[in-house]
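Nothing in this text is a laboratory measurement; each read-out follows from the coordinates by a stated rule. Keep in mind it's a predicted model, so treat the numbers as computed, not measured. Backbone-built Cβ (ideal geometry, glycine too); neighbour counts: all protein chains shown.
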Amino acid sequence: MLPIATLVHNNSENSTTKASPNQLLIGQEPPATPSQGEGTDNPTVEQRVRQLRERRILVTQALNRVANQQRPTEAKWKKGQKVWLEAKNLSLPYGSIKLAPRRHGPFLIE
């Protein structure tokens, strides 16, 4: 799966350069689909390409089925509730982490 992940990453557009790494390095984006086996007289290659296409269709159907089964969950919090924020992801100006508060709040949800 690592080569596929690498291909997808290198074909993805960068938000800063507005181009993919493959586009910048080699001037094109290699396709992720096996179109090389079309029109060949090698039956083994044609069979392999057919298997890959069938598997891709099955995987797409499975992913769509799972995505449709999972419904969005209800929100944990509602307007008017009070919540505490954990301080571990907040950049605060405390000299020592040990002496800094671990939570901040309560904050009212509006």
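Distance from the alpha carbon centroid of segment 40-59 to that of segment 95-110 works out to 57 angstrom. Put simply, the amide H of Ser20, placed in the peptide plane, has neighbours under 5 Å in Asn14, leaving out anything fewer than 5 places away on its chain.
Given R₀ = 35 Å, FRET efficiency for Lys79-Ala100 by Cβ-Cβ distance, to 0.05? Between Lys79 and Ala100 the formula returns 0.75. Relative contact order, whole percent, for the chain stands at 16, derived from Cα pairs under 8 Å and 6 or more residues apart. Using just its DSSP H runs of length 4 or more, each adding -39500 (n - 2.57), the chain gives a mean residue ellipticity at 222 nm of -12500 deg cm²/dmol after division by all residues. Protection proxy ranking, highest mean first, for peptides 49-55, 66-72: 49-55, 66-72, where packing is the per-residue count of other beta-carbon atoms within 10 Å, averaged. Helix 2-11 versus the longest principal axis of the chain: what angle, 0 to 90°, nearest 10, using Cα atoms? In the chain, helix 2-11 runs at an angle near 80 degrees to the longest axis.
For the chain, compute the orientation-averaged projected area of the C-alpha convex hull (one quarter of its surface), in nm². Don't skip to the end; give the middle numbers.
Values: hull surface 55.8 nm².
Result: a mean projected hull area of 13.9 nm².
Think of each Lys and Arg Cβ as +1 and each Asp and Glu Cβ as -1; about the Cα centre, that makes the dipole of the chain roughly 920 debye. Between the helical axis of 43-69 and the longest alpha-carbon principal axis of the chain there is an angle of about 30 degrees.
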